[in-house]
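Here it is, the structure in full.
The values are calculated or read from the model by the stated rules, or taken from the named source; none is laboratory data. None of the values given here were measured: they were computed from a predicted structure. All Cβ positions, glycine included, derive from the backbone under ideal geometry; neighbour counts span all protein chains shown.
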Amino acid sequence: GNSVTQMEGPVTLSEEAFLTINCTYTATGYPSLFWYVQYPGEGLQLLLKATKADDKGSNKGFEATYRKETTSFHLEKGSVQVSDSAVYFCALTLYSGAGSYQLTFGKGTKLSVIP
Amino acid sequence: GAGVSQTPSNKVTEKGKYVELRCDPISGHTALYWYRQSLGQGPEFLIYFQGTGAADDSGLPNDRFFAVRPEGSVSTLKIQRTERGDSAVYLCASSRQDQETQYFGPGTRLLVL
């Protein structure tokens with residue numbers, strides 16, 4: 001079956017530090033890849049996505065590149081802010097018939113950024 | 001426009017009771033998904049609706065769980081004879097037909113005592 005593995009948290013960084021959250025996947029097919037973010041007290045929000053190999057998704061200073069050869073989609077940001085403190089989820093979707101694009105999520109990585 | 005809404009935001013019930021959780025998707029979104037997120041885990045797929053019909057219910061854990069979407073808009077997730085292990089956050093998401101990107105509601109936090 002499909003699965004997503006992301007680095008265990010929590011991750012604590014100082015403001016302006018460089019962030020990497022690793023994500024690898026296993027899929028029977030050619031998935032689309034996503035990063036979702038969950039800020040404290042809020043629902044899941046799409047952060048960025050990539051739909052094919054070598055695509056780079058980007059948003060709010062975050063980037064992730066779809067690497068088919070290493071089945072990875074690592075999240076990076078050059079300079080984190082306190083407001084980036086949240087839980088980050090890597091996810092994939094494969095079309096599973098009848099219009100369904102059900103998501104398979106990793107366990108999430110909690111990021112805390114301290115001033 | 002309005003996002004996905006879910007009610008109640010919190011639900012506390014006793015073991016063995018019946019609960020209903022409601023999801024109101026974004027207007028015009030024909031696809032609707034339910035997920036369950038246990039503490040410290042990522043969301044796990046439960047069921048998918050395209051319009052009024054449950055096109056994929058392969059994620060429902062057992063026959064105590066059931067969901068409906070009678071008019072192709074609002075959906076209700078129903079849990080019979082609740083167990084303590086059902087305690088989790090239940091998330092609803094919607095999307096346009098044949099679109100990958102899903103928009104999530106804030107979730108309903110269910111606690112079974």
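Among what's in region A:40-50 and is more than 18 Å from B:Y35 (Cβ to Cβ) and at pLDDT below 95, pick the residue that is farthest from the other protein chains (Cβ to nearest Cβ).
A:P40
Just for region B:47-60: of the residues that are out of contact with any Leu (no Cβ under 8 Å at 6 or more places or on another chain) and part of a loop (DSSP other than H, G, I, E, B), which one is farthest from B:I26 (Cα to Cα)?
Per the criteria, the residue is B:S58.
For region A:65-86, what are the residues that are under 10 Å from the mean Cα position of the chain (by Cα) and either farther than 18 Å from A:A27 by Cα or facing chain B (nearest Cβ under 10 Å) (or both)?
Of everything in region A:65-86, those that are under 10 Å from the mean Cα position of the chain (by Cα) and either farther than 18 Å from A:A27 by Cα or facing chain B (nearest Cβ under 10 Å) (or both) turn out to be A:L75, A:E76.
Sticking with this one: Given the residues B:T101, B:T82, which is the only one that is outside any strand (DSSP E or B) and at pLDDT 95 or above?
B:T82
Quick grid of which residues meet (1) surrounded by fewer than 18 Cβ atoms within 10 Å (Cβ to Cβ); (2) in a loop (DSSP other than H, G, I, E, B); (3) touching a Gly at 6+ places or on another chain (Cβ under 6 Å):
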{"site": "B:E20", "(1), (2), (3)": "yes, no, no"}
{"site": "B:S27", "(1), (2), (3)": "yes, yes, no"}
{"site": "B:Y35", "(1), (2), (3)": "no, no, no"}
{"site": "B:L39", "(1), (2), (3)": "yes, yes, no"}
{"site": "B:F45", "(1), (2), (3)": "no, no, yes"}
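Continuing with this model, one more query. Please specify each residue of region A:72-85 satisfying the condition of being surrounded by fewer than 17 Cβ atoms within 10 Å (Cβ to Cβ) and under 17 Å from A:N22 (Cβ atoms).
A:E76, A:G78
Ok, one more. Out of the residues in region A:101-115 that are more than 13 Å from A:N22 (Cα to Cα) and facing another protein chain (nearest Cβ under 10 Å), state the one that is surrounded by the fewest Cβ atoms within 10 Å (Cβ to Cβ).
Here the residue is A:Y101.
Still on this model: Output the number of the condition that B:C92 fails; it satisfies all remaining conditions of (1) under 20 Å from A:F89 (Cβ atoms); (2) more than 14 Å from every other protein chain (Cβ to nearest Cβ).
B:C92 satisfies all of (1) under 20 Å from A:F89 (Cβ atoms); (2) more than 14 Å from every other protein chain (Cβ to nearest Cβ) except (2).
Going residue by residue through region B:50-69, is there one that turns out to be closer than 26 Å to A:Y88 by Cβ and surrounded by 20 or more Cβ atoms within 10 Å (Cβ to Cβ)?
no
Another one. Looking at B:V74, is it farther than 22 Å from B:G16 by Cα, surrounded by 14 or more Cβ atoms within 10 Å (Cβ to Cβ) and more than 14 Å from chain A (Cβ to nearest Cβ)?
Answer is yes for this residue.
Residues in region B:28-44: is at least one under 27 Å from A:S3 (Cβ atoms), among the charged types (D, E, K, R) and within 14 Å of chain A (Cβ to nearest Cβ)?
Yes, because at least one residue in region B:28-44 is under 27 Å from A:S3 (Cβ atoms), among the charged types (D, E, K, R) and within 14 Å of chain A (Cβ to nearest Cβ).
Sticking with this one: Considering only region A:1-74, give the strands (runs of 3 or more DSSP E) lying wholly within it that have at least 1 residues that are within 15 Å of A:A86 (Cβ to Cβ).
The qualifying strands (runs of 3 or more DSSP E) are A:3-6, A:11-14, A:19-21, A:32-38, A:44-50, A:56-59, A:62-65.
Quick check on region A:22-48: of everything there that is aromatic (F, W, Y) and surrounded by fewer than 16 Cβ atoms within 10 Å (Cβ to Cβ), which residue is farthest from A:K68 (Cα to Cα)?
Only one residue tops the list, namely A:Y39.
Just give me the residues in region A:75-106 being outside any strand (DSSP E or B), in contact with a Ser or Thr (Cβ under 8 Å, 6 or more places away or on another chain) and under 19 Å from A:Y39 (Cα atoms), in sequence order.
A:S85, A:G106
Okay, moving on. Residue check, B:F66 against (1) in a strand (DSSP E or B); (2) over 27 Å from A:G41 (Cβ atoms); (3) within 14 Å of another protein chain (Cβ to nearest Cβ); (4) within 14 Å of the chain's Cα centre (by Cα), all met but one. Which one?
(3)
So, one more: Which numbered condition in (1) without any contact (Cβ under 8 Å) to a residue 40 or more places away in the chain; (2) at the interface with another protein chain (Cβ under 10 Å from one of its Cβ atoms); (3) under 30 Å from A:G9 (Cα atoms) is the only one that B:F49 fails?
B:F49 satisfies all of (1) without any contact (Cβ under 8 Å) to a residue 40 or more places away in the chain; (2) at the interface with another protein chain (Cβ under 10 Å from one of its Cβ atoms); (3) under 30 Å from A:G9 (Cα atoms) except (3).
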